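Okay, so here's the structure we're looking at.
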Amino acid sequence: MLPDFNRLRVFFHVHEARSVSAAAAALHVTQSAVSQSLAKLEDELKAQLFVRRHRAIVPTAAGEALFAVVAPFVAGLQERVGQIHRARHELAGTLQIGAPVEFGSHRLPEVLAAFARVHPGVRFTLRLGHPAEIVPLLEEGRLDLGFADVFEGTGATGTRLAGFEVAPVMEEALLLIAAPAVEAELLQGSRAFARLAAARFVDYHASAPAVRGWFRHHFGRVPARLEPALAVESVQAVIAATSAGMGLGVVPAHTVARALASDELVAITTRRRALTNRISLVRLLDRVPSRLERSFVAFVTQALGKRASG
C-alpha cells in the first residue's frame, strides 16, 4: 500500500527546510500537526526518517532514499499544475487558416510568427489557394478562418460569400505592368482602350479576375475577348512572365517598386488612381468563434492595417 500523499508532502517540506517549524509555516499548519504526520509516516514505512542533532533534524538513510523518490514527483506535479493554471489564462490550440498564395506566402507568415511569440501555445496550419478553393473549406468546417482578395469595383472575390462575414484587414495598390520592349512595340506610349484590349495578358486564374478588375476600374468596361496567355497562382511568376514579354500583368505595387525604379518594368497608368486590392478576413456567420480566434482576428487586423500599402 502506498503511503498517504499528505504525509509525503509534509515529509518533503521538512526535508527541504530541515525544520519542523519552517515546514509548518510553509504548509500553514501547526508544528504539532507536522510532527504527528511524520510519526504516522514512519509507522507506515517501519523506518525512521529523521534524527535530531544540535537543534536540527537530519535525514536518515531511509529519509534520503524516500526523498529521492518523492522530490521528482513533487517537482513534476508542481510543473503540471502550473501548466494547467496557465492554460486557463493563456491561449493555446491550433488555428486552421486559408489564404491567397501571394499573401499567405509573403505577408501572413510574419504576422503568424509575431502572434506565436506572444502566445507560444498556439499552432497554425496554413492552406494556400484561390478563394474558390478556400471558401468551400470554410463552409465544410475544415478551416477556422480564411483570407480572400476583393478587387475594388467587383464587390466580391469571384466566389459565393453568402452566409459569411467579410471584414477588410488591409489594402494594396495594384499596377498593370509590362516589359519596356512590349510597351514600346504594342502601345507606343498610348493608353487607349483599343490598344490595351489587343494586348496579351498574364493572370492568376483562367477567368482573368485581376486584369478584368483593372479594365473595369480604369475604363468602366472589359475587353470582349480576354483569355490570359498564362494563368498562374503566383505573383512572382506573373512578374517573371511579364518581364519575359509574355504579356501584361496586374501585380501589387510593392512587389515591383525596384523593377519600376530601374526601368526593368513599365507601369501602365491612366488618369484614374490605382486599382485597389482589398485583403478581407472571411468567417462563417453562424459559427461561434473561440477565444483564440477572437484574439487572433483582433491581432491580425491591427498588424495588417499598419502595413497596408498605397
Original post:
For T301 and S234, what is the calculated FRET efficiency with R₀ set at 30 Å and r taken between the beta-carbons, to the nearest 0.05?
Top reply: 0.70
Original post:
Which angle between 0 and 90 degrees, to the nearest 10, do you get for helix 5-17 versus the longest principal axis of the chain when only C-alpha atoms count?
Top reply: 90
Subject >> Loop-resident sites, region 213-249, for trypsin sites (Lys or Arg not before Pro), counting at most 14 other Cβ within 10 Å (DSSP) >> reply: R221, R225
Original post:
Can you sort T94, T301 by how many other beta carbons sit within 10 Å, fewest first?
Top reply: T94, T301
Original post:
Where does helix 291-306 land angle-wise versus the long Cα axis of the chain, in degrees 0 to 90, nearest 10?
Top reply: 50
**OP:** Can you put V297, V34, V118, V20 in order of Cβ neighbours within 10 angstrom, beginning with the fewest?
**Re:** V118, V297, V20, V34
Original post:
By how many nm would the segment from A26 to A61 grow when fully extended, if each residue of separation counts as 0.36 nm and the alpha-carbon distance is taken off?
Top reply: 10.2 nm
Original post:
Amide H to amide H under 5 Å from F124: which residues, 5+ apart in sequence or cross-chain, H placed 1.01 Å off N in plane?
Top reply: L95
Subject >> Separation in nanometres of the label points that stand 7 Å from Cα toward Cβ, at A114 and A206 >> reply: 3.9
**OP:** Could you sort 128-134, 74-80 so that the peptide with the highest average Cβ count within 10 Å comes first and the rest follow in order?
**Re:** 128-134, 74-80
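Please give the contour-minus-distance gain from R123 to V288: 0.36 nm per residue of separation, less the Cα-Cα distance, rounded to one decimal in nm.
Net length gain for the segment: 57.4 nm.
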Original post:
R258 to E90: extension gain in nm, 0.36 nm per residue of separation minus the Cα-Cα distance?
Top reply: 56.2 nm
**OP:** Using a Förster distance of 41 angstrom, determine the FRET efficiency expected from the C-beta separation of H106 and E79, and round it to 0.05.
**Re:** 0.60
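Sequence gap at least 6, Cα distance under 8 Å: using those rules, report the relative contact order of the chain to the nearest whole percent.
Contact order relative to length: 19 percent.
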Subject >> Average Cα contact separation per residue, region 183-310, under 8 Å, 6 or more apart, as relative contact order % >> reply: 22
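Considering only DSSP beta bridges with both partners in region 93-310, what is the antiparallel share in %, to the nearest 5? Show your work: numbers first, answer last.
On the way: 23 of 36 bridges.
Here the share of antiparallel DSSP bridges comes out near 65 percent.
Every number in this text was worked out from the coordinates using simple rules, so none of it is lab data. Model, not experiment: these values are computed from the prediction. For neighbour counting, all protein chains shown are included, and Cβ atoms are generated from backbone atoms with ideal geometry for every residue, glycine included.
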